[in-house]
1. Which is modelled with pLDDT of 95 or more, assigned to a loop (DSSP other than H, G, I, E, B), of a type outside the set (A, V, I, L, M) and more than 14 Å from ligand 1 (Cβ to nearest atom), of 82, 8?
2. Kindly check whether there is at least one residue in region 134-145 that is outside any loop (DSSP other than H, G, I, E, B) and either open to solvent by 30 Å² or more (accessible area, probe 1.4 Å) or within 14 Å of ligand 1 (Cβ to nearest atom) (or both).
3. Every residue in region 184-211 that is in contact (Cβ under 8 Å) with a residue 60 or more places away in the chain and either away from ligand 2 (no atom under 16 Å from the Cβ) or open to solvent by 40 Å² or more (accessible area, probe 1.4 Å) (or both), please.
4. Given the residues 106, 54, 118, which is the only one that is touching a helix residue (DSSP H, G or I) at 6+ places or on another chain (Cβ under 6 Å), open to solvent by less than 50 Å² (accessible area, probe 1.4 Å) and closer than 22 Å to residue 14 by Cβ?
5. Considering region 218-264 alone, what residues qualify as being under 19 Å from the mean Cα position of the chain (by Cα), aliphatic (A, V, I, L, M) and either open to solvent by 40 Å² or more (accessible area, probe 1.4 Å) or on the phi > 0 side of the Ramachandran plot (or both)?
6. Just to verify a result, which residue in region 85-94, among those that are over 14 Å from residue 150 (Cβ atoms) and over 16 Å from the mean Cα position of the chain (by Cα), is surrounded by the most Cβ atoms within 10 Å (Cβ to Cβ)?
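The values are calculated or read from the model by the stated rules, or taken from the named source; none is laboratory data. As the structure is a computational prediction, the values presented were derived from the model and not from experiment. Cβ placement follows ideal geometry from the backbone for every residue including glycine, while neighbour counts extend to all protein chains displayed. All accessible areas refer to the heavy atoms of the entire protein, side chains included, with ligands and DNA or RNA removed. Shrake-Rupley method; radii C 1.70, N 1.55, O 1.52, S 1.80 Å.
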Amino acid sequence: MSEKILEEIAGLKQDMRALILAHNYQRSEVQDIADFTGDSLELSRKAAGTDAEVIVFCGVHFMAETAKILSPEKTVLLPDAEAGCPMANMITPEQLEEEKAKHEGVQVVCYVNSSAAVKAGSDVCCTSANAAAVVEATDSRRPVLFVPDQYLGHYVMRKTGREMILWPGYCPTHMKVTVKDIERQKARFPEAKVLVHPECRPDVIDAADEALSTGGILRYARAYKGKTLIIGTETGILHRLRKENPGMAFVPVTEKALCPNMKRITVEKVLSSLREMTPKIEIPEQIRIRALAAVQRMLAL
Ligand code: 13P
Ligand code: SF4
């Protein structure tokens, strides 16, 4: 990375009172210029708590939108406006309303990987780090509709023993992690534990030792006494795992688990975003207020 670009970013950050947030799946060089790198829950807490005037969100659209929901007075920039999450686009607010109408007294638990408009139609949000706790806090006498990730929903159902109606969304990147891949890596590293993300299919979760959010995987690695971990999630997380745990080996379940949308953000785009103060995230106020209620119910837990 050229020193000149890094210097210009540092200067603009100071002039604009900007904070750079990066998700754990971002390119290594983007993670390295960020002020804070984390999972969805950690990033939303950071966005809510900062006194910076500008947030440059290196992640995908729903994450930057969540920052804007929480901090409407701040300028929230997503350095590539096309960096979306295909899973978040698997349910529209209209489809959500149709589904709600089918189940009397339903409560909607919405994975943060969703649009602001879908959050606005939901009772409470969750991330992969707190999904089970959020579901456990719902009214057990009323049905729960979980959107949009059927696999995270399925994982939570098994963990909590609560029946839920599952929307059939999924993450195309985590679909690339298979049991065969786990078996292949286990044969190479029999002593290693296998950690996967709960967006993986149920058979993959069964074949792993733990299913954890990206933040959970990083915490597990810090406390791990062994030498090798096999990681079944987007490969961007390997950068931080290796940086934070220099004596250990981290092996991806598969190199194919790559999220092309996460990789759209580059250091050059961060620079032009800061220079031009664009692309900005905007949310109609009546949607933002309702989405905020669902996000705040999650953060209050
Ligand atoms: P985490 O909240 O675990 O970081 O996951 C976000 C995500 O998009 C996983 O695909
Ligand atoms: Fe969306 Fe999957 Fe990419 Fe996460 S990894 S942002 S869920 S497509």
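1. On the way: 8 fails: assigned to a loop (DSSP other than H, G, I, E, B).
From the options 82, 8, the qualifying one is 82.
2. Of all residues in region 134-145, those outside any loop (DSSP other than H, G, I, E, B) come to 134-136, 144-145.
Retained after the next criterion (residues that are either open to solvent by 30 Å² or more (accessible area, probe 1.4 Å) or within 14 Å of ligand 1 (Cβ to nearest atom) (or both)): 134, 136.
Checked against the condition, which is being outside any loop (DSSP other than H, G, I, E, B) and either open to solvent by 30 Å² or more (accessible area, probe 1.4 Å) or within 14 Å of ligand 1 (Cβ to nearest atom) (or both), region 134-145 yields at least one hit.
3. Matches in region 184-211: 185, 188, 189.
4. On the way: 106 fails: closer than 22 Å to residue 14 by Cβ; 118 fails: closer than 22 Å to residue 14 by Cβ.
Answer to the check: 54.
5. Listed by number, the list holds a single entry, 258.
6. 93
Residue-by-condition table, conditions (1) within 16 Å of ligand 2 (Cβ to nearest atom); (2) touching a Leu at 6+ places or on another chain (Cβ under 8 Å):
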{"position": "102", "(1), (2)": "no, no"}
{"position": "106", "(1), (2)": "no, yes"}
{"position": "116", "(1), (2)": "yes, no"}
{"position": "131", "(1), (2)": "yes, yes"}
{"position": "135", "(1), (2)": "no, no"}
{"position": "140", "(1), (2)": "no, no"}
{"position": "164", "(1), (2)": "no, yes"}
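So that you can scan it fast, the table gives a plain yes or no per residue for (1) more than 16 Å from ligand 1 (Cβ to nearest atom); (2) under 19 Å from residue 265 (Cα atoms); (3) without any contact (Cβ under 8 Å) to a residue 60 or more places away in the chain:
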| residue | (1), (2), (3) |
| --- | --- |
| 27 | no, yes, no |
| 40 | no, yes, no |
| 45 | no, no, no |
| 49 | yes, no, yes |
| 76 | yes, yes, no |
